Amino acid sequence: MHRLLTITTAASDLSLLTIEEMRAAAGISGSGSDTALRAMERRIAAAIMSECNIAIGPGKPPTLLRETLTETIYQACGEGLVLSRRHDVEISSLVEDTVMLLAADYMVDPESGIINKLCDDYPTWWTARKVVVVYDAGFETVPDDLKMAAIDFFRLSWLEQKRDPSLKSEVVDIPDVRRVERGYWVGSVPGQSNEGAVPDIVAGQLTRFRNMMVA
């Protein structure tokens, strides 16, 4: 099975957080750091999309936000067709080997993005050389659990800028003026994932949004 995904109408804004939410996560008031906040939020959103394996259309960045897509699937054979994007899926048209199917000819699970073909209102197998699906997928509004993951990621990333990740411990003794003792980790830093850009504590919150690999 081979497929081609095209972004027909891209999301106008890829942000997962508002500027007010960025400021709150960073513990900042006022607009003086807005440029830096927005730049960090873009990097964080991109890292989350990569972690969730969101399918990429040529020339467009991946997103969990709502877009209109055209997906062409060649040698579409099997019990269910899995679309490359999911969440709140709405199909505008579905053409099987040049034949436009009616809504009664298939059903789609809007969360998983799995399309089942129907025969007499009963699921059957797809046996097509080419299926072309035009559909909308993604969130109009960032859901609370995705927003919370983005906020946690943002807060950790912002604080990370202000400390040495290799610092293990710090002791400040004031009595006879000032004494500072610092201990540093040698080798990999505990609590930091070596698998990717998304911290483990955030990655665990993204289970719902992870896409399965589709051929």
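The values are calculated or read from the model by the stated rules, or taken from the named source; none is laboratory data. Note that this is a predicted model, so its numbers are computed, not measured. Accessible surface is based on the protein model in full, side chains and every heavy atom, while ligands, DNA and RNA are left aside. Shrake-Rupley method; radii C 1.70, N 1.55, O 1.52, S 1.80 Å.
Please list TYR135, TYR106, TYR74, TYR122 from largest to smallest accessible area, probe radius 1.4 Å, with all protein chains kept in place. Before the final figure, lay out the partial values.
Values: TYR135 0, TYR106 30, TYR74 95, TYR122 160 Å².
Result, largest first: TYR122, TYR74, TYR106, TYR135.
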Overall Cα dimensions of region 100-151 - principal axes, largest extent first, Å: 46, 21, 16
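Rank these residues by their accessible area, most exposed first, probe 1.4 Å: ILE91, ILE44.
Details: ILE91 35, ILE44 10 Å².
Output order, biggest surface exposure first: ILE91, ILE44.
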5 Å binning of all Cα-Cα separations within region 1-101, expressed as whole percents from 0 upward: 2, 11, 18, 18, 15, 12, 8, 6, 4, 4, 2, 0
